[in-house]
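First comes the structure, then the notes that go with it.
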Ligand SMILES: [Zn+2]
């Protein structure tokens, strides 16, 4: 069993989590390994994104959960940005020219509110060039397994403006469109196309209402 390495280039460490790397275990076991800092967003299904700096961390814990946000960006070295998911989409961002990274948690609400637009814009604030941003979308629930009721479906389609097959929602289709609209070249966007519900290596809330989450992360060396 292997995990998915994102951005297989130099200067960045990025992986999509599978259930061997679990959020709760990770928090319990975390210590100041390798003098790295680890940042998670609280993940409240919104579209707020925060710029993270080394000074945000307590030297003794090296670990912090940032309240009321679903996305994080940084250009700091040795800062790992994490996201926890079990059907929602973990999205990792990397701008190799200016060495800027980002992470976003995109469920239905975050996608409806365009969390990826907020993330890209925050990266630009700290110097990223839009056309250089690379993006990977990790394991998440697929369209076929994400059926919702008629009311939710209609509201989602109305607000995102992206047609969907009744009564299923394809979140990645919407995100791809949102990213391209922001000016990200389509060739810069990778979708790993793994469905968490179908693949038992991954936690899936829809499969069994689990409270467990896999973690994905990106960090600059
Ligand atoms: Zn599926």
Those residues of segment 176-221 that are part of a strand (DSSP E or B) and either touching a strand residue (DSSP E or B) at 6+ places or on another chain (Cβ under 7 Å) or within 21 Å of residue 71 (Cα to Cα) (or both) come to a total of 10
Test set (1) part of a helix (DSSP H, G or I); (2) under 19 Å from residue 47 (Cβ atoms); (3) free of Cβ contacts under 8 Å to residues at least 40 places away in the same chain - residue 162 fails condition number: (1)
Right, residue 173: closer than 22 Å to residue 192 by Cα, within 18 Å of the chain's Cα centre (by Cα), within 16 Å of the ligand (Cβ to nearest atom) and part of a helix (DSSP H, G or I) or not? yes
Considering residues that are in contact with a helix residue (DSSP H, G or I) (Cβ under 9 Å, 6 or more places away or on another chain) and either within 16 Å of the ligand (Cβ to nearest atom) or modelled with pLDDT under 95 (or both), the number found within segment 128-140 is 2
How many of the residues in segment 183-209 are away from the ligand (no atom under 14 Å from the Cβ) and closer than 16 Å to residue 92 by Cα? 7
Filter segment 141-157 down to residues that are within 16 Å of the ligand (Cβ to nearest atom) and exposed (fewer than 12 other Cβ atoms within 10 Å of the Cβ), then give me how many there are. 0
Residue set 82, 127, 62, 71; condition at positive phi and in contact with a strand residue (DSSP E or B) (Cβ under 6 Å, 6 or more places away or on another chain); output residue 62
Residues in segment 110-127: is at least one closer than 30 Å to residue 198 by Cα, modelled with pLDDT of 95 or more, surrounded by 24 or more Cβ atoms within 10 Å (Cβ to Cβ) and within 16 Å of the ligand (Cβ to nearest atom)? no
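The values are calculated or read from the model by the stated rules, or taken from the named source; none is laboratory data. Please read all numbers here as calculations on a predicted model, not as lab measurements. Glycine also receives a Cβ, built like all others from the backbone with ideal geometry; neighbour counts cover every protein chain displayed.
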